[in-house]
Every structure is written in C-alpha cells, then in structure tokens.
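Q: Handing you this structure, nothing more for now.
The values are calculated or read from the model by the stated rules, or taken from the named source; none is laboratory data. What you see is a predicted model, and the numbers here were worked out from it, not measured in a lab. Glycine also receives a Cβ, built like all others from the backbone with ideal geometry; neighbour counts cover every protein chain displayed. With ligands, DNA and RNA removed, areas are computed over all heavy atoms of the protein, side chains included. Shrake-Rupley method; radii C 1.70, N 1.55, O 1.52, S 1.80 Å.
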Amino acid sequence: MRLNNSFLTILAFLTISVCFGQMDSYSKKIALKGIDSQWHTIEVPNNVFEDVNTNMSDIRVYGVTATDTIEAPYLHKVSKAENSNSEISFNLINSVNNSKGYFYTYELPQKETINEILLNIEDPNFNWEITLEGSQHQKQWFTILEDYRILSINNDQTNYSFTTLKFPDASFRYYRVLIKSKEKPNLTSVHITKKAKKAATYRNYEVSDFQISKEDKKTIIDIDLKNRVPLNLLEFTVDDKIDYYRSISIQYLVDSVKTEKGYYHNYRPLATKTLSSMEDNSFQLPGTLAQKLRVIILNNDNQPLKISAVNLKGYVHTLTTRFTEPATYFLVYGKPNDNFPNYDISKTTISLPENITKLDFGSVVEFPKPEIETTNPLFENKWWLWVIIGVVIALLGYFTIGMMKKEL
C-alpha cells in the first residue's frame with residue numbers, strides 16, 4: 001500500500017512538472033483577470049507583439065490548477081473592414097456629345113441605392129473633369145458630382161489611373177455622366193455598385209522618431225515606433241496644394257548587422273503605392289509586425305513634396321476564448337518556430353453569446369531561462385600546466401638517457 005502511495009505521489013509530481021514545463025517553453029506570461037463565465041475576449045496588448053513570432057502562431061491561453069495545466073481554446077479575430085459589395089444591373093439608354101463633352105445616360109431597372117461607378121477607359125493618358133447627375137424621370141436632374149477629376153498617366157516614370165466615381169449614397173432611376181473631353185473617350189465598360197462597408201477598428205501607434213532626407217531625386221522617410229506592432233495602415237499629411245503623382249516604396253526593417261563601417265540595416269519591401277493629390281494619402285499594408293519603416297518617394301524631376309506628418313495604425317487582435325474549468329489563467333507567448341494551435345472551435349460553427357466581456361491583465365512575467373552549466377578547466381592556473389610539461393620532458397629525458405646507456 002505504501003508502495004502504491006509513493007508511486008502515485010511520484011506520478012503526480014512528474015505530471016505537474018511536465019505541465020509546468022509546457023508553459024515554461026514560452027518566454028513570457030500575463031495573468032488574466034475577471035474570468036466569471038465560459039466566454040471572454042482577450043484584446044492582445046501591444047507589448048505582446050514585441051516577443052511573438054512573425055505569424056503570431058505562439059500565442060496560448062493556459063490555466064494552472066493544483067494538479068494540472070489546461071489549455072483554453074480561442075478564436076483569433078482581427079478588426080478589419082467588412083465589405084458587402086453588390087453590383088447593380090443597368091442599361092445604357094443614351095450616348096451623345098456636344099460642345100461640353102460626351103454624355104452617357106444609364107437606367108436602373110428599379111430605384112437602387114448606389115455609391116460608386118467605375119469607368120473602364122482604355123485611353124493611356126487623359127485628364128478630364130466629370131459631372132454626375134441623377135434623376136427619377138429624366139425631367140429634372142440633380143447634381144451628385146461636379147468638376148470631379150479622372151486621370152490616367154502612362155509613361156516611363158509613372159503608370160497611374162484613377163477612374164472611379166465615389167459619392168455618398170444616391171437613389172435614382174437614371175444617372176447621367178458627362179465627360180468633359182474634346183475627343184471621344186474609349187469607354188469600354190462601366191460598373192455600378194453599392195459598397196456596404198463596415199469600417200475597420202484601428203489602434204493608433206505612437207511614432208517615436210520621424211526623419212526626412214533627400215538623395216538622388218528621392219525623398220526618404222524613416223519612421224520609428226516605440227514597439228514592434230502589426231502595421232495595417234499608413235497615412236501621410238502632404239502640405240502641397242499642387243497636383244502630384246509619385247510612386248512610393250514602403251519597406252520595413254528586418255534586422256541590422258554591425259560592420260566595420262557601422263550598422264547595415266536590412267529592409268524588405270512591404271508595398272508599392274502611388275502618392276496622389278486625387279486620393280486621400282492612406283495606404284493599406286499587409287499586416288506585418290515591424291518597428292521601423294522606410295518610405296522612398298520617387299520625385300523624378302519634380303520638387304520634393306512637403307510631408308509634415310505620418311500616422312501608423314494597426315487592426316485590433318482579439319482572442320475569443322472558452323474557459324471550461326476553474327484555474328489561474330495566463331496569456332502565454334514567445335516561442336520561436338511554434339506551430340499554430342489546432343482547436344475544434346475553429347473548425348465548427350460556434351454560437352457565441354451576444355455580450356462577451358473583455359478580460360483585464362496582470363503584469364508581464366518572464367519565465368526564467370535555464371542556466372547553462374559551464375565546466376571549469378582542469379587546470380585553472382597556467383603554472384600547473386608548465387609544471388606538468390616540465391615533468392613530462394624530464395621523464396622523457398631520463399628514459400632516453402637510460403636507453404642510450406644500455407646500448408653502450
């Protein structure tokens with residue numbers, strides 16, 4: 001009986017050691033506070049992104065009980081925009097021109113709400129103004145857009161096109177587009193759509209340093225953030241009131257290597273965009289974890305633009321987590337090359353409660369790293385080594401002399 005009790009005690013100790021070892025393989029943990037129901041949301045704080053893998057595969061929620069460590073499954077959600085675009089059918093009922101330009105009148109089968117018209121124009125270079133009007137019966141027309149510019153530039157330096165008419169929701173049976181051009185536009189197709197969009201939720205990041213330099217017909221903007229965070233939106237404030245169309249390259253710092261001439265910064269391309277006076281200068285980024293960005297503006301033979309500010313934002317990352325057992329729970333992270341978790345709730349349709357409360361956090365705790373044992377050298381004092389070498393030489397000399405005397 002005593003043997004069985006001893007065996008169970010050892011088994012329990014080994015089980016607890018293995019369970020805690022499961023958490024110890026990560027670098028940091030944060031206590032989760034306020035768990036009082038089965039479902040809660042965990043809004044991942046900025047300091048977590050400093051240590052997670054590039055693909056965020058090493059985030060776990062562990063609970064510690066008296067005898068075990070359990071893993072709580074979660075659904076990883078990102079607060080990106082939700083689009084529900086619907087293309088509206090229509091008929092072209094009129095195409096005429098006069099001294100003002102070329103008119104195109106479109107009829108919708110029924111009154112629909114629209115907010116975007118895409119004009120596919122194959123002319124390589126143009127700069128035209130647009131007037132868009134709406135009517136219910138073609139007797140009275142109401143102006144929706146006036147002096148709205150569409151543009152296409154195609155040359156050795158730039159390949160840029162903007163031919164989308166964007167406007168607030170409008171609901172008419174008839175729409176008339178006036179393209180103010182002396183030559184007939186090569187209008188190949190038109191798409192009328194209703195873009196229903198749920199705006200994304202962003203987290204603003206503080207820019208710690210922002211520097212602009214100029215070299216070889218380029219403007220180089222270096223942007224430093226306080227922490228490594230997921231970047232999804234870059235915004236520029238351009239003070240110039242002139243028309244401009246500049247190609248830009250957005251890069252992020254991967255690593256830095258110290259050389260004899262100083263540090264070499266290794267940047268990797270993130271996106272290629274066009275900085276234009278016709279659009280708002282905000283650019284979607286492909287959700288990359290980074291702390292330092294570099295933006296290169298190709299000025300060609302133009303004067304550099306006056307960039308007065310930049311703003312960086314990222315989506316909010318939320319873990320919708322299921323808690324089934326009472327325990328002390330932690331958000332655990334920081335394990336290189338860890339795989340994504342494989343949870344059942346990510347493969348099935350889950351009916352979530354309407355009001356899920358958000359958890360609070362304790363302080364960040366680092367798991368202690370195992371000390372690397374170093375073996376001291378056999379002889380720490382070099383004089384011992386010289387003594388041993390001297391003894392070996394003396395012995396060799398003694399035996400050599402003895403052998404020589406025997407031969408004589």
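Q: Of the conditions (1) closer than 30 Å to Lys33 by Cα; (2) at pLDDT 95 or above; (3) part of a loop (DSSP other than H, G, I, E, B), Leu305 fails just one. Which one is it?
A: Here Leu305 meets the rest and fails (1).
Q: To continue, here is another question. So which of Lys166, Lys111 ends up being basic (Lys, Arg), in contact with a Ser or Thr (Cβ under 7 Å, 6 or more places away or on another chain) and open to solvent by 50 Å² or more (accessible area, probe 1.4 Å)?
A: Lys111
Q: Another one. Take segment 18-57 and flag every residue that is in contact with an Asp or Glu (Cβ under 9 Å, 6 or more places away or on another chain) and either surrounded by 16 or more Cβ atoms within 10 Å (Cβ to Cβ) or within 17 Å of Asn337 (Cβ to Cβ) (or both).
A: Result: Cys19, Gln22, Ser25, Tyr26, Ser27, Lys28, Lys29, Leu32, Asp51, Val52, Asn53, Ser57.
Q: Quick one: Ile144 ticks every box in (1) touching a residue at least 60 places away in the same chain (Cβ under 8 Å); (2) within 30 Å of Lys198 (Cα to Cα) bar one, so which box is it?
A: (1)
Q: So how many residues does segment 62-108 have that are open to solvent by 30 Å² or more (accessible area, probe 1.4 Å), of a type in the set (S, T, N, Q) and under 30 Å from the mean Cα position of the chain (by Cα)?
A: So the count comes out to 4.
Q: Can you name the residue in segment 183-222 that is assigned to a loop (DSSP other than H, G, I, E, B) and touching a residue at least 24 places away in the same chain (Cβ under 8 Å) and is also surrounded by the most Cβ atoms within 10 Å (Cβ to Cβ) among such residues?
A: The selected residue is Pro185.
Q: Only one of (1) open to solvent by 80 Å² or more (accessible area, probe 1.4 Å); (2) farther than 26 Å from Ser86 by Cβ; (3) within 36 Å of the chain's Cα centre (by Cα) fails for Arg149. Which number is that?
A: (1)
Residues are listed down the side, and each one gets a yes or a no for (1) part of a strand (DSSP E or B); (2) under 30 Å from Lys28 (Cα atoms); (3) of a type in the set (Ser, Thr, Tyr):
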{"site": "Lys80", "(1), (2), (3)": "no, yes, no"}
{"site": "Ser84", "(1), (2), (3)": "yes, no, yes"}
{"site": "Leu92", "(1), (2), (3)": "yes, no, no"}
{"site": "Tyr102", "(1), (2), (3)": "yes, no, yes"}
{"site": "Thr143", "(1), (2), (3)": "yes, no, yes"}
{"site": "Tyr148", "(1), (2), (3)": "yes, no, yes"}
{"site": "Ile153", "(1), (2), (3)": "yes, no, no"}
